[in-house]
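Heads up: the structure comes next, in structure tokens.
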Number of protein chains: 2
Amino acid sequence: MAFLKVVPLEKALEVVQSFKISPGIEEVPIEKGLGRIAAEDIYSPIDVPPFDRATVDGYAVRAEDTFMASEASPVRLKVIGSVHAGEEPKFKLGKGEAAYISTGAMLPGNADAVIQFEDVERVNGEILIYKPAYPGLGVMKKGIDIEKGRLLVKKGERLGFKQTALLSAVGINKVKVFRKPKVAVISTGNEIVPPGNELKPGQIYDINGRALCDAINELGGEGIFMGVARDDKESLKALIEKAVNVGDVVVISGGASGGTKDLTASVIEELGEVKVHGIAIQPGKPTIIGVIKGKPVFGLPGYPTSCLTNFTLLVVPLLLRALGREGKIGKKVARLKHKVFSVKGRRQFLPVKLEGDLAVPILKGSGAVTSFIDADGFVEIPETVESLDEGEEVEVTLFKGW
Amino acid sequence: MAFLKVVPLEKALEVVQSFKISPGIEEVPIEKGLGRIAAEDIYSPIDVPPFDRATVDGYAVRAEDTFMASEASPVRLKVIGSVHAGEEPKFKLGKGEAAYISTGAMLPGNADAVIQFEDVERVNGEILIYKPAYPGLGVMKKGIDIEKGRLLVKKGERLGFKQTALLSAVGINKVKVFRKPKVAVISTGNEIVPPGNELKPGQIYDINGRALCDAINELGGEGIFMGVARDDKESLKALIEKAVNVGDVVVISGGASGGTKDLTASVIEELGEVKVHGIAIQPGKPTIIGVIKGKPVFGLPGYPTSCLTNFTLLVVPLLLRALGREGKIGKKVARLKHKVFSVKGRRQFLPVKLEGDLAVPILKGSGAVTSFIDADGFVEIPETVESLDEGEEVEVTLFKGW
């Protein structure tokens, strides 16, 4: 039991680091691969192109046969056949021989250059060539584009349309991706009502449930909203037990009302173990980290910006690790638009809005929905620092682009 | 019939502009809204918070009752009740009265300030106040965060996790989004084989089918791959007829082999009408725009980078318009890393790779898969320009972030 014993952030991160969630790997058809995260390094099984390929319409030749060609004394080659795209040539060129070839087609044996139509004269069964062709002219050599064995996609890489197209181009039609880690999300608070319901006096609509679920979805996980728990033990306990069965991870956001945080810790302790109860950061002092049936359970602050900040600090690294994307938290260097003051001895994470290269501190208060909407990320202010100056360079940890 | 009559890009864009595709609007639950495009401006139906709300645990008071308070002569107020978060207070404060209130709770009638616990002394049923409270202290006023009627999401805006959370916070649980425009995609070429099949000598794997489908999917449409047509009339005609029944738009990418482009134009003309056959741009000279049964049909070049460039120039604007996102093509200003030469009288779209603020021209040739993978977008070189200098400022039209 670790009730009310505030620990440094490093200690909390150690606890997170000790968690193992392994949603596993699944193979999906390439047409379902878009947006998923590769679960292994993928290498090209073939050379691209898989053969020496004509890049123009014209005549395949042995370049050496043309070296003596000139305007005054053209070289004469015998046209012995033709190759169209998609065909396998059934013949080889002998000395003094050429073949009609179309763009994209495979060069016949012994051919090493393609002279385009415009540069030859066809006379009956022969062509006249007026200047030398060098080996490789009009040819894309086998493997020059992508050699067999080349690394195409790295483990942990998100598959965008270029990645799926690349895999298609080397013939891969199934891809191993990480299963989406399932995160069961609970909101708490007597005053909190899910959207779509009537709002009675004294009640407000839930924001954290949707915010957490969809932030998890954008990150590549699967956010599953379990509902709003009331500030009583039975309600919270029932919902947490359900959540532990559904999710690989459980995330609970506290209501704004006092007392909820202790309730959450009590229920987690009853069902499993509280590992951390309180972190020496602002916001995040009431944050809880626990384990129930081997599954990590997080209790985050209720104020939306605080909730998202602690989610980014603690839960995102765990989910990224499960997706093979460790360390992929988005950061951006910016300059502070205004001077800000902090309290010495308090490690603060200040929400900021980005305006180009400027980071604008959001001072409206983390209880405001509009603070949450405006915040693009946060800036850390260490314990030892009392203020950051206008124009000071800061590193912004982003709330997106994980 | 517009066979082989090359037109300026402006004329081709006029034809595209004349197309009307209206996939329509659908209402989805907010938990299915992530990543969709809002089909209407969405305004807040409520004030947030919907009532004057305590931001601290403490005592709700009438500020004017405390104006005379001082250390030497504290004001004494009678505690007449309590309000917890989620409750509707059933009483109003009279002169000289206060009420216990928890964070997030609704202020009782006549209360206009909340003094936190630490700043009062409780003695039996009364509290002692040692300094004046100003109206608004410890209170988040009704509507101060989001006023009723405020524009929250604009028509055409992509719903990220912040947007869905914002809608949730004002109680909206259904959202009108644009249906995804369906785009039926056909690859053509005797040498082209879909991934997953055995590659025979002379054949290569399809790249454009997957590239186009997933670029369309990332843009917010639905790309549906119809298959690879062989370079013969029957095969192509059968697939185009099927595609016209499936898609709101049909996109065909040509094989690299010569003759295909005329075949495609012939089939479109037989089934409908060719509007444009050839555009005075490079790449894009063989591009076809037609209409079959009222549905736009595009024939794009077969080389992957050329295909994607013409897709971005011609098809993307149509799809963005259908999604209410007209003009949302991503652009970025960069400086050219190397000098590049162009041909006077030819309007060129040069693929480039972005390295920070530098645009690196891709000169490998648009037939290469790796050119396609490297290209982040393209730079336009007008007819009148023969070269662009190293370091010159250019506008890059991006292949993503639509």
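Overview of values
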| read-out | value |
| --- | --- |
| Breaking point among (1) more than 14 Å from chain B (Cβ to nearest Cβ); (2) in contact with a strand residue (DSSP E or B) (Cβ under 8 Å, 6 or more places away or on another chain), for A:PHE67 | (2) |
| Yes/no for B:VAL360 being assigned to a strand (DSSP E or B) and in contact with a Lys or Arg (Cβ under 6 Å, 6 or more places away or on another chain) | yes |
| Top-ranked residue in segment B:1-58 [being more than 29 Å from A:GLU218 (Cα to Cα) and polar (S, T, N, Q); ranked as surrounded by the most Cβ atoms within 10 Å (Cβ to Cβ)] | B:THR55 |
| Check on B:VAL228, over 27 Å from B:LEU398 (Cβ atoms), of a type in the set (A, V, I, L, M), in a strand (DSSP E or B) and within 12 Å of chain A (Cβ to nearest Cβ) | yes |
| Residues of segment B:95-109 that turn out to be within 14 Å of chain A (Cβ to nearest Cβ) and not in a strand (DSSP E or B), as a count | 6 |
| Leading residue by the ranking (nearest to B:PRO23 (Cα to Cα)) among those in segment B:203-224 that are in a strand (DSSP E or B) and more than 7 Å from every other protein chain (Cβ to nearest Cβ) | B:GLU222 |
| The listed residue being assigned to a helix (DSSP H, G or I), at pLDDT 95 or above and not basic (Lys, Arg), out of B:ALA238, B:ALA265 | B:ALA238 |
| Test: B:ALA243 is away from chain A (no Cβ under 14 Å), in a helix (DSSP H, G or I), under 31 Å from the mean Cα position of the chain (by Cα) and surrounded by 23 or more Cβ atoms within 10 Å (Cβ to Cβ) | yes |
| Test: residue in segment A:85-94 that is away from chain B (no Cβ under 14 Å) and under 27 Å from B:ASP231 (Cα atoms) | yes |
| Count of residues meeting criterion [closer than 28 Å to A:GLY221 by Cα and at the interface with another protein chain (Cβ under 7 Å from one of its Cβ atoms)] in segment A:182-197 | 3 |
| Matching residues, segment B:76-90, being surrounded by 22 or more Cβ atoms within 10 Å (Cβ to Cβ) and over 48 Å from the mean Cα position of the chain (by Cα) | B:LEU77 |
| Subset of segment B:288-302 [of a type outside the set (A, V, I, L, M, F, W, C) and either under 27 Å from the mean Cα position of the chain (by Cα) or farther than 23 Å from B:VAL352 by Cβ (or both)] | B:GLY290, B:LYS293, B:GLY294, B:LYS295, B:PRO296, B:GLY299, B:PRO301 |
| Flag for B:VAL250 being within 16 Å of B:LEU13 (Cβ to Cβ), part of a strand (DSSP E or B), in the same structural domain as B:PHE225 (by the TED database) and modelled with pLDDT of 90 or more | no |
| Residues (crowded, with 19+ Cβ neighbours inside 10 Å and outside any loop (DSSP other than H, G, I, E, B)) located in segment B:59-69 | B:TYR59, B:ALA60, B:VAL61, B:ASP65, B:THR66 |
| Single unsatisfied condition, A:GLU380 versus (1) of a type in the set (D, E, K, R); (2) farther than 20 Å from A:ALA280 by Cα; (3) surrounded by 14 or more Cβ atoms within 10 Å (Cβ to Cβ) | (2) |
| Matching entry among A:GLY125, A:GLY136, A:GLY149 (being surrounded by fewer than 21 Cβ atoms within 10 Å (Cβ to Cβ), modelled with pLDDT under 95 and not β-branched (Val, Ile, Thr)) | A:GLY125 |
| Within segment B:289-312, considering residues that are farther than 23 Å from B:GLU26 by Cβ and in contact with a Phe, Trp or Tyr (Cβ under 7 Å, 6 or more places away or on another chain), the one surrounded by the most Cβ atoms within 10 Å (Cβ to Cβ) | B:LEU308 |
| Residue in segment B:265-273 that is in contact with a strand residue (DSSP E or B) (Cβ under 6 Å, 6 or more places away or on another chain), surrounded by fewer than 23 Cβ atoms within 10 Å (Cβ to Cβ) and either within 14 Å of another protein chain (Cβ to nearest Cβ) or of a type in the set (S, T, N, Q) (or both) present | no |
| Conditions (1) facing chain A (nearest Cβ under 8 Å); (2) out of contact with any helix residue (DSSP H, G or I) (no Cβ under 8 Å at 6 or more places or on another chain); (3) assigned to a helix (DSSP H, G or I): number failed by B:LYS200 | (3) |
| Hits in segment B:171-190 (condition: under 15 Å from B:PHE225 (Cβ atoms), part of a strand (DSSP E or B) and either modelled with pLDDT under 95 or of a type in the set (Val, Ile, Thr) (or both)) | B:VAL183, B:VAL185, B:ILE186, B:THR188 |
| Meets criteria (within 14 Å of chain A (Cβ to nearest Cβ), in contact with a Lys or Arg (Cβ under 8 Å, 6 or more places away or on another chain) and in contact (Cβ under 8 Å) with a residue 24 or more places away in the chain) for B:ASP112 | no |
| Listing of strands (runs of 3 or more DSSP E) fully contained in segment A:287-344 that carry 3 or more residues being out of contact with any Leu (no Cβ under 7 Å at 6 or more places or on another chain) and within 18 Å of A:VAL249 (Cβ to Cβ) | A:288-292, A:295-300 |
| Matching residues in segment A:153-170 - criterion: being outside any strand (DSSP E or B) and surrounded by fewer than 19 Cβ atoms within 10 Å (Cβ to Cβ) | A:LYS154, A:LYS155, A:GLU157, A:GLY160 |
| Candidate set from segment A:143-174 (those that are at the interface with chain B (Cβ under 8 Å from one of its Cβ atoms) and charged (D, E, K, R)); member that is nearest to A:GLU31 (Cα to Cα) | A:LYS174 |
| Single unsatisfied condition, B:ALA72 versus (1) in a loop (DSSP other than H, G, I, E, B); (2) surrounded by fewer than 19 Cβ atoms within 10 Å (Cβ to Cβ); (3) touching a residue at least 12 places away in the same chain (Cβ under 8 Å) | (3) |
| Count of residues meeting criterion [farther than 21 Å from A:GLY171 by Cβ and either among the hydrophobic types (A, V, I, L, M, F, W, C) or in contact (Cβ under 8 Å) with a residue 60 or more places away in the chain (or both)] in segment B:201-223 | 5 |
| Count of segment B:191-202 residues which are surrounded by 21 or more Cβ atoms within 10 Å (Cβ to Cβ) and under 15 Å from B:ALA229 (Cβ atoms) | 2 |
| Matching residues in segment B:91-107 - criterion: being over 26 Å from A:SER187 (Cβ atoms) and either crowded, with 16+ Cβ neighbours inside 10 Å or of a type in the set (Asp, Glu) (or both) | B:LEU93, B:GLU97, B:ALA98, B:ALA99 |
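The values are calculated or read from the model by the stated rules, or taken from the named source; none is laboratory data. What you are looking at is a predicted structure, and each value in this text was computed from that prediction instead of being measured. Please note: Cβ atoms are built from the backbone with ideal geometry, for glycine as well, and neighbour counts cover all protein chains shown.
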